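Inspection log for the structure reproduced underneath, given as structure tokens.
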Number of protein chains: 2
Amino acid sequence: MIRIALDAMGGDNAPRVEIEGAVQALRELPPTFRIQLVGRTADIEAALKSHGEVDRARLDLVEAPEVVGMGEKPLAAIKSKPRSSIGIGLGLQKKGQSDAFISAGNTGAVMAAATLLLRVHEGVARAAIGTPFPTAGQPVLVIDGGANVDCDARELVGFAHLGSVYARDVMGRATPGVGLLNVGEEDEKGNAVVKEAHQLLKQTPGIRYVGNVEGRDILAGRGKGGEIDVVVCDGFVGNAILKFYESAGRMFAGMLQQALPDVLGRPEVKRLFKFLDYSEYGGAPLLGVKGVAIICHGASPARAIMHAVRVAAQMVESHLDQDIGAEFAEGGTVR
Amino acid sequence: MIRIALDAMGGDNAPRVEIEGAVQALRELPPTFRIQLVGRTADIEAALKSHGEVDRARLDLVEAPEVVGMGEKPLAAIKSKPRSSIGIGLGLQKKGQSDAFISAGNTGAVMAAATLLLRVHEGVARAAIGTPFPTAGQPVLVIDGGANVDCDARELVGFAHLGSVYARDVMGRATPGVGLLNVGEEDEKGNAVVKEAHQLLKQTPGIRYVGNVEGRDILAGRGKGGEIDVVVCDGFVGNAILKFYESAGRMFAGMLQQALPDVLGRPEVKRLFKFLDYSEYGGAPLLGVKGVAIICHGASPARAIMHAVRVAAQMVESHLDQDIGAEFAEGGTVR
């Protein structure tokens with residue numbers, strides 16, 4: 001039985017939405033997992049009351065009296081609040097009492113705590129956030145989504161490995177194509193770091209590198225060099241594009257609502273709105289740490305929390321953690 | 001009378017589309033300008049034949065026997081083909097025989113030629129591409145859109161000046177708000193260059209700096225610090241987001257078409273499609289050079305060329321060039 005710790009105190013509407021997501025997950029997903037709700041247990045119990053019948057046999061409550069606020073400085077918060085839901089939740093995994101951790105709380109604090117408590121696999125220079133971008137076809141994983149704002153070429157190669165393993169294990173791509181985000185597809189394009197990474201990636205065994213890709217290739221799922229499952233970039237660019245995409249979806253949804261008020265009830269339009277609502281998606285894995293950690297949007301609704309539980313279970317079932325360890329032991333770092 | 005040189009040989013469908021755009025501009029825009037069609041005059045004459053009545057009194061043909069291909073290396077092409085439509089077109093402006101240059105050809109070649117032939121204003125470290133992003137409200141200018149893939153903090157401050165003058169002169173914003181693209185709004189966010197630029201911008205006179213903004217703030221037209229007319233970033237990030245936006249529009253349009261085939265004929269839906277079609281927009285100014293140069297998308301349809309003519313005329317009429325010179329003479333560089 002997979003044990004998934006859920007930060008009940010993270011997110012803009014915690015613990016209500018987190019509890020609702022947990023309850024939905026227990027009801028709707030295959031029963032391969034149990035959930036550990038981490039936070040102020042009195043608050044959690046109170047929130048659970050409104051939910052009628054819940055499978056309490058698959059639900060554990062873990063007391064964590066402290067809460068890290070969304071605006072707190074990550075490292076300082078983690079150090080000064082060791083009994084926060086983030087600290088306790090990740091601590092369970094470190095002690096072997098849990099298999100995964102999910103939080104919609106302070107992203108920086110989750111990253112800092114995961115790196116400090118779980119540590120990164122040998123050979124991993126930096127943990128990175130993998131962000132699955134919804135497209136008209138299959139999702140494309142953009143890595144890094146914001147964990148590292150300054151990257152050197154070797155770190156980008158590391159992201160290519162992390163993304164490849166995730167795409168294989170969780171996204172079901174047997175031999176994932178990896179593109180490097182650049183301003184053009186030619187060898188000489190880009191800044192110094194990206195040019196070096198391009199040359200390194202061309203000669204990295206174990207990576208199916210399709211070459212430089214441009215901003216427009218992400219949603220197309222293909223660059224000049226072929227189909228892409230993973231797009232590698234530093235966390236500054238990745239974060240900017242991720243947030244831009246989210247806002248573009250919101251803007252298009254608003255325009256659609258104004259232009260076509262009479263068709264909004266149609267199921268195909270509802271599906272379109274769902275696609276455009278980034279908060280529907282199930283969180284982003286922090287890849288490279290020893291263990292499983294998923295970071296959700298602060299505004300995640302219950303369905304997004306449920307999706308994150310599903311993805312966490314997949315990450316554990318597919319042995320992603322061990323596979324990442326093996327990938328880097330086999331030469332995941334550029335030597 | 002404003003003289004606008006148009007590269008008749010640039011673009012994916014040259015000279016047909018360029019000629020069509022010129023003809024539309026002469027017919028539909030106020031008659032404050034004349035157009036200089038630069039390229040192989042025999043080809044231009046042939047293309048003009050299909051257009052019935054054209055105001056030839058406001059149309060000059062300028063012979064340029066060479067053509068720079070879309071795939072050619074910019075600097076080498078410019079040096080080996082001095083009589084290309086790009087070289088001749090910008091040369092007219094240098095000689096005082098033209099006021100503006102528009103091309104949908106090889107972007108790198110136009111940038112290189114403009115910088116070499118027109119040179120940059122004193123105090124301008126680097127010319128930059130200003131890209132107006134369409135939003136649900138007013139457009140927001142993202143600068144740099146791809147001219148400079150590696151920037152230092154002082155160059156980013158220079159872009160803030162260039163963008164501010166453009167927003168004042170051409171976009172009609174009296175005191176434009178400038179945001180710095182970052183991964184969060186707090187002072188300590190970002191990579192080393194952006195952190196330094198943030199501190200410099202806070203103390204730069206003449207810039208209404210509203211602070212760090214995130215990827216989601218561009219289309220919203222406002223960050224935590226207030227409304228934004230200009231977003232400053234390096235050309236790597238700007239180019240990635242610009243191309244991403246273009247593809248997102250295309251993807252949404254495709255999904256809309258599939259989901260709602262029966263409403264596509266409605267005028268409000270047509271307007272929405274037009275909004276989503278980035279090729280409709282009128283090109284991006286290269287800011288900082290002494291003169292006026294506009295770079296259009298290679299796939300620009302005739303309407304985009306016409307819009308570019310309108311913008312070029314506005315740039316000349318508003319004395320943008322002189323205003324940029326004055327801005328930098330008054331302390332546009334960080335001293």
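The values are calculated or read from the model by the stated rules, or taken from the named source; none is laboratory data. What you see is a predicted model; the values in this text were computed from it and never measured. Positions of Cβ are backbone-derived with ideal geometry, glycine not excepted, and every protein chain shown enters the neighbour counts.
Descriptive notes on the structure:
- Checked against (1) closer than 21 Å to A:LEU26 by Cβ; (2) among the acidic types (Asp, Glu); (3) in contact (Cβ under 8 Å) with a residue 24 or more places away in the chain, A:GLU72 meets all criteria but (1).
- Top-ranked residue of region A:144-154 - restricted to ones that are under 17 Å from A:GLY179 (Cβ atoms) and either assigned by TED's automatic domain parsing to the domain that holds A:VAL110 or in contact with a strand residue (DSSP E or B) (Cβ under 8 Å, 6 or more places away or on another chain) (or both), ranked as surrounded by the most Cβ atoms within 10 Å (Cβ to Cβ): A:ASP144
- Residue in region B:44-62 that is within 30 Å of A:GLU186 (Cβ to Cβ), in the same structural domain as B:VAL120 (by TED's automatic domain parsing) and modelled with pLDDT of 95 or more present: no
- Filter result for B:GLY137 (part of a loop (DSSP other than H, G, I, E, B) and small (Gly, Ala, Ser)): yes
- Of all residues in region A:263-284, those that are of a type in the set (Asp, Glu) and either within 18 Å of A:ALA302 (Cβ to Cβ) or touching a residue at least 12 places away in the same chain (Cβ under 8 Å) (or both) total 2.
- Output for region A:108-134, where each listed residue is touching an Asp or Glu at 6+ places or on another chain (Cβ under 6 Å) and either basic (Lys, Arg) or part of a helix (DSSP H, G or I) (or both): A:ARG126
- Residues that are over 19 Å from B:GLN36 (Cβ atoms) and surrounded by fewer than 18 Cβ atoms within 10 Å (Cβ to Cβ) within region B:302-332 comprise B:SER318, B:HIS319, B:GLN322, B:ASP323, B:ALA326, B:ALA329, B:GLU330, B:GLY331, listed in sequence order.
- When B:GLY298, B:GLY283 are checked against the criterion of being at pLDDT below 95, closer than 23 Å to A:ALA248 by Cβ and surrounded by 21 or more Cβ atoms within 10 Å (Cβ to Cβ), B:GLY283 stands alone in meeting it.
- Members of region A:1-27 found to be modelled with pLDDT of 95 or more, of a type in the set (Asp, Glu) and surrounded by fewer than 21 Cβ atoms within 10 Å (Cβ to Cβ), listed by number: A:GLU20
- Of the residues B:VAL193, B:VAL210, the single one that is at pLDDT 95 or above, surrounded by 18 or more Cβ atoms within 10 Å (Cβ to Cβ) and within 10 Å of chain A (Cβ to nearest Cβ) is B:VAL193.
- Answer from B:VAL237, B:VAL292 - the residue that is surrounded by 17 or more Cβ atoms within 10 Å (Cβ to Cβ) and not assigned by TED's automatic domain parsing to the domain that holds B:GLN97: B:VAL237
- Residues of region A:158-185 classified as crowded, with 24+ Cβ neighbours inside 10 Å, more than 14 Å from chain B (Cβ to nearest Cβ) and either assigned to a helix (DSSP H, G or I) or touching a Cys at 6+ places or on another chain (Cβ under 9 Å) (or both), total: 10
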